[in-house]
Amino acid sequence: MPETTLLSLRPTRLIAIQYYIAWIFLWIVALIGFWDPWRVLPDWTVPLLGVQLQTVLAVLLSFFGLVSVVYAEIRRMTIRYTVTDARVIRQEGILRKKTNQMPFSKIERVELDQSLLQRVLKYGDIQMDTGEDTIVLESLGHVNLVQDELSKLVAAYARR
């Protein structure tokens with residue numbers, strides 16, 4: 001009998017919140033540097049480009065901010081969690097693929113891990129343990145519902 005996919009999940013964007021914070025910070029610094037309201041930066045013109053130093057710094061900082069967001073999105077999009085009626089699969093990577101599979105018959109414990117901030121933002125991590133191996137589903141939204149469903153599936157396999 002073929003496996004049926006019950007859930008197909010990706011982490012929330014909060015898995016890479018530090019990159020989004022860096023993006024916002026760099027864009028704010030770039031805007032302040034471009035306007036230079038306190039006249040801190042010298043009034044130099046970059047000879048090769050023919051533009052002011054403030055403009056070059058603002059463009060560079062904006063570019064680095066954009067790169068941090070693109071990196072965060074690529075990192076998030078390369079992680080996929082799949083729950084079938086027989087196992088849990090965690091896949092990650094683009095060039096170097098890593099797959100971790102755990103059958104429900106081997107899972108001993110399904111644990112929910114949430115910090116205070118994660119509880120406020122309603123996401124968290126689920127750890128599943130076999131006694132010798134652990135698989136972590138990071139930064140899941142609606143984590144309580146996912147944990148309940150996984151616990152039901154583990155309990156159903158334990159009764160077999």
*Could you identify the single residue in Ile107, Ile126 that is surrounded by 14 or more Cβ atoms within 10 Å (Cβ to Cβ) and assigned to a loop (DSSP other than H, G, I, E, B)?*
Ile107
*Can you tell me which of Asp43, Asp36, Asp85, Asp113 is of a type in the set (Asp, Glu) and at positive phi?*
Asp36
*If we scan segment 100-111, do we find a residue that is of a type in the set (Gly, Ala, Ser) and closer than 26 Å to Leu26 by Cα?*
no
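Quick grid of which residues meet (1) more than 19 Å from the chain's Cα centre (by Cα); (2) not in a helix (DSSP H, G or I):
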site	(1), (2)
Ile89	no, yes
Gln101	yes, yes
Gln147	no, no
Val154	yes, no
*Of these, Thr55, Thr99, Thr84, Thr45, which one is within 30 Å of Lys152 (Cβ to Cβ) and either of a type outside the set (Val, Ile, Thr) or not assigned by TED's automatic domain parsing to the domain that holds Lys152 (or both)?*
Thr84
*Do any residues in segment 48-64 that are farther than 23 Å from Trp23 by Cβ have Cβ atoms under 8 Å from those of residues that are aliphatic (A, V, I, L, M) and in a helix (DSSP H, G or I), where the two are at least six apart or on different chains, and which pairs are they?*
Leu49/Val56
*Which residue out of Tyr19, Tyr71, Tyr81 is under 26 Å from Ile135 (Cβ atoms), in contact with a Lys or Arg (Cβ under 6 Å, 6 or more places away or on another chain) and either touching a residue at least 60 places away in the same chain (Cβ under 8 Å) or not polar (S, T, N, Q) (or both)?*
Tyr81
*Total residues in segment 65-84, condition surrounded by 15 or more Cβ atoms within 10 Å (Cβ to Cβ) and either modelled with pLDDT under 95 or in a helix (DSSP H, G or I) (or both)*: 6
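The values are calculated or read from the model by the stated rules, or taken from the named source; none is laboratory data. From a predicted model like this one, the values you see are computed outputs, not experimental measurements. When we count neighbours, we look across all protein chains shown, and the Cβ atoms used for this are built from the backbone with ideal geometry, even at glycine.
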